[in-house]
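FYI, it's all coordinate maths here, none of it is from the lab. Because the structure is predicted, anything quoted here is derived from the model rather than measured. Methodologically, a virtual Cβ is constructed for each residue, glycine included, from the backbone with ideal geometry; neighbour enumeration extends over all protein chains shown.
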Amino acid sequence: MYAPPLYRSEDVAQQHDLIEANPFGLITAVVDGRIHGTHIPFVLDRGPEPGDRGRLRAHLAKTNPLVSALAKGDEVMVAFLGPHSYICPDDYATEPHFPTWNYSAVHVYGRPRMLDDDAQRVQLDDLIAAEEARRLPKRPWTLDRAPSELVEQFRAAIVAFELPIAHMDGIFKYGQNKTAEDLDAQIAAFRSHPADHSARMADLLHTHNTAKLDTPTTPRTERPGR
Amino acid sequence: MKLTTCADTPAQWRGEVLALAVPQGPADQNPLAGPWLAAVDAALDGAVSRLLAYDSFTGARDELVTGPGVPARCERLVLIGLGRPDAVTPHTARRAGAALARTLTSGPNRRVALALESWHVDGTDLTEHLTEGLSLAVHCGRWNVLPDRFRADYGADLPREPETVELLGAASAEPLTRAEAFTDALVLARELVAAPANLITPDRLAREATALAAAHDRFDVEVWDEEQCRAQGLTGFCAAAVGSAAPARFIRISHRPATPSGPPVAVIGLGLTYDDRGVARSGGAVEGAKKYMAGAGALLGAATALATLGGTREAHLLIPAVAKTAGPKSLHLGDLVTTASGLTVEVNHPDAHGRLMMADALHLAARLGAERTVGVSALGLPVAAALGPKAAALWSTDDALAADLAAAGRDAGELLWRLPLVDEYEDELWAPFANLRSAGPAGGDGATAATFLRRFAPQGAWAHLEITEPAWSPRIDGYYNAGATGYGAGTLARWLCGP
């Protein structure tokens, strides 16, 4: 990863935190001489000792071209992206400034190992549990609430793997090169127009399903407040 | 044998054998009533009339007369019937080319020429098809490609290979390049299928594939042994491979054009390099031990054409190869097998191996992102009762793909006949302990086998060709030699090299 020393992170815990907060990673590998990438959610297992790099676990469709590379144990890279945003020169206290992008990311490298059937089930349970935990105090949804036939059908179509983390790079670029005065101005600017992630997700859901959602022939119950 | 075009007229040409291909005229019309043949006859000092004085010749399909030519100009004159112009097809043109080759068994034949009034008959350019039929007949019975030359006596009735064949007045040499590429494809397919199981093992198929791919930049080859297949999750293939008489191999050749158009296609050629039950199924004939790898043979043949002519799409050629024998470790009736796709199969008949191999290959095609997938197998499905020994069964989920394949087959002289996929036959594959069973009732096994394979087909278009019967010819027949015909290679080569 390209990471100037000012932004580079050597802190394993900080990198783990980013992965746990943003577990939807981009896994890439070379398949038949070409780079393939797939976006999938990961479960992070931190090692027992502080400083252990730990391992990732995930699953994907059996028909994903990456499966061949995973089964061979070829080296893969998984990229996790933290919060990121365009930085507008207008929002600094001083002048002149140039536009930039603030972001954080962690790149994980390792050689995957395929998981057996039991471990695949555990991976699914752990992934669901981790995501449900974000929705507490709601009662967590668990896999045994789905019809077992459906679960078996789904499980037959996927493969799970683990990725012992051999190497990890982290970058946290959040204005470390700016003065406090400019940073204060940036923070104030962001506070004044908060990027509402939830609202944006609702917008995206609508944009990508316009045809489905706006078809008058599909009767839909009006939700309160609409 | 060198194939060339030549600007000479039949009157100008000098050589040993001059062949004139003539379409059939209206009923009872003397062929010499046609102005072209009459002019040639005059230029050859009446040699054509002298020939026709002794033989009845109308230009009907498969008709052939031969006799003395003109001293110092051509030793021998051959007249070949093309049939009625509106009934001339690539197949009949090929048979005419083969008929010429079959006259080259004795006498001087170093230089051969073929002339037509027009190389286009009723809108069809016959150049490619006539020369391909001729080349294929010349290659009959010879072991040209594989180094295992174990048959020393080719027999006196086999054509002797001429040094040159000149096509008088043919405009373009491009059809000759195609004809040569397609001939090479069929010849390799024939030899691979005809060679017995002790020579062509799964590993030998893999080595042939590797050698073929290594010689061309645009090819990429990967061979998995059983352990690698297991790691890749090809559990259905591995179940069929357990008990294989020789180590099983899963072969993938990928062809990547410089600028591929559209998503990739996949072709699967089933490679049962030996089938212990095949001999019994073929009524004790030794061909039964050989021809169940006809799909793999056809596909490797087609790969050579792809190497020569190139294709426009990225193509993945998959060959699951197993030498199937009965043994204590091989599949038992009632076995439950999990295939690569996750679907479980109950083995309810002793020939499930081929289907399981196909199932996992289809899964791999999906993993390779194939938008169109074609399977070619000699599974011994009982379709010949209706189609006879010269047509292959075609099933497809996509009309356009079926039409493309049938057109490629027509061009290759291989008749593909589409059979229905009936949804209700899914019920015949219901199994109490698995997602499906390997075979339906014996009477409809062809139809249910196709239904079985469809369950594993990738999303997108899928087609399957069953070529057991036409893969083997009991006797010399047109451009077929006795034995392995290389059937399927022509269709696949044209489809893969096509637009």
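Where does the protein assembly as shown land on the Kirkwood hydrodynamic radius, alpha-carbon pairs, in angstrom?
Here the Kirkwood hydrodynamic radius works out to 29.7 Å.
Give me the angle, in degrees from 0 to 90, between the Cα long axis of helix B:352-367 and the longest principal axis of the Cα atoms of chain B, rounded to the nearest 10.
It is inclined by approximately 90 degrees.
When you look at the Cβ of every residue in A:70-83, what mean number of other chain Cβ atoms sits within 10 Å?
Across the residues of A:70-83, the mean count of other-chain Cβ atoms within 10 Å is 1.
What order, most packed first, do the peptides B:99-110, A:45-56 have when packing is the mean number of other Cβ atoms within 10 Å of each residue?
Descending mean neighbour count gives B:99-110, A:45-56.
What does the charge dipole of the protein assembly as shown about its Cα centre add up to, to the nearest 20 debye, if the Cβ of each Lys and Arg holds +1 and the Cβ of each Asp and Glu holds -1?
Value, rounded to 20: 800 debye.
If you fit an axis through the alpha-carbon atoms of helix B:445-454 and take the longest principal axis of the Cα set of chain B, what angle between them do you get, 0 to 90°, nearest 10?
Result, in degrees: 70.
Projected onto the charge dipole of the stretch B:2-172 (+1 at Lys/Arg Cβ, -1 at Asp/Glu Cβ, origin at the Cα centre), which of B:S118, B:A21, B:T103 gives the Cα projection farthest towards the positive end?
Selected residue: B:T103.
Just tell me how shielded B:218-229 is by partners: mean number of partner chain Cβ atoms within 10 Å of each residue's Cβ, no decimals.
Mean shielding count: 1.
Quick one: putting +1 on the C-beta of Lys and Arg, -1 on the C-beta of Asp and Glu, what dipole do you get for the stretch A:8-214 around its Cα centre, in Debye to the nearest 20?
440
Determine the alpha carbon to alpha carbon distance for each of B:K290/B:K329; B:K324/B:K390; B:K291/B:K329; A:K62/B:K390 and list only those over 28 Å.
Result: A:K62/B:K390 exceed 28 Å.
Using Cα-Cα distances under 8 Å and only pairs 6 or more residues apart, what relative contact order does the stretch A:8-214 have, in percent?
Relative contact order for the stretch A:8-214 comes out at 24 percent.
Using a simple charge model, +1 on the beta-carbon of Lys and Arg, -1 on the beta-carbon of Asp and Glu, nothing else, what dipole does the stretch B:2-172 show about its Cα centre, in debye to the nearest 20?
Rounded to the nearest 20 debye, it is 440 debye.
Give the residue from B:G413, B:A400, B:A303 lying farthest towards the positive end of the charge dipole for chain B; charges sit on Cβ (+1 for Lys and Arg, -1 for Asp and Glu) and the dipole is referred to the Cα centre.
The one lying farthest along the dipole's positive direction is B:A303.
Taking beta carbons within 10 Å but only from partner chains, what does the mean come to for residues B:233-242?
Taking all residues of B:233-242 together, the mean is 1.
Which chymotrypsin sites (Phe, Trp or Tyr not before Pro) does the stretch A:66-172 hold that lie in a coil by DSSP with at most 15 other beta carbons within 10 Å?
Qualifying residues, ordered by number: A:W141.
Between the alpha-carbon centers of the stretch B:357-372 and the stretch A:141-196, tell me the distance in whole angstrom.
Using only Cα atoms, the two centres lie 33 Å from each other.
Quick one: which residues, 5+ away or cross-chain, put their amide H under 5 Å from the amide H of A:G110? H built at 1.01 Å from N.
A:V76, A:A166
Residue by residue through the stretch A:78-89, what is 3J(HN,Hα) from phi via Karplus (6.51 cos²θ - 1.76 cosθ + 1.60, θ = phi - 60°)? Round to whole Hz and write x for glycine and proline.
Computed from phi, the couplings for the stretch A:78-89 are 10, 10, 10, 10, x, x, 8, 7, 5, 10, 8, x Hz.
In the stretch B:2-172, what percentage of the DSSP-assigned beta bridges are antiparallel, given to the nearest 5?
25
Based on the mean of other beta carbon atoms within 10 Å per residue, what is the order of A:146-152, B:230-236, most packed first?
B:230-236, A:146-152
What residue among B:F219, B:V383, B:W495 has its Cα farthest toward the positive end of the dipole of the stretch B:182-497, where the charges are +1 on Lys, Arg and -1 on Asp, Glu, each on the Cβ?
B:F219
Quick one: check the C-alpha center-to-center distance for the stretch B:7-52 versus the stretch B:411-473, whole angstrom.
Their Cα centres are 50 Å away from one another.
Local charge sum around B:V265 (other residues, Cβ-Cβ under 11 Å, Lys/Arg +1, Asp/Glu -1)?
-1
Packing-wise, with mean Cβ within 10 Å as the measure, how do B:80-91, B:422-433 rank, highest first?
Ranked by mean Cβ neighbours within 10 Å, highest first: B:80-91, B:422-433.
How about A:K72: which aspartates and glutamates have a C-alpha closer than 20 Å to its C-alpha, ignoring those fewer than 8 places off in the same chain?
Cα-Cα hits under 20 Å: A:D32, A:D116, A:D117, A:E162, B:D220, B:E222, B:D225, B:E226, B:E227, B:D360.
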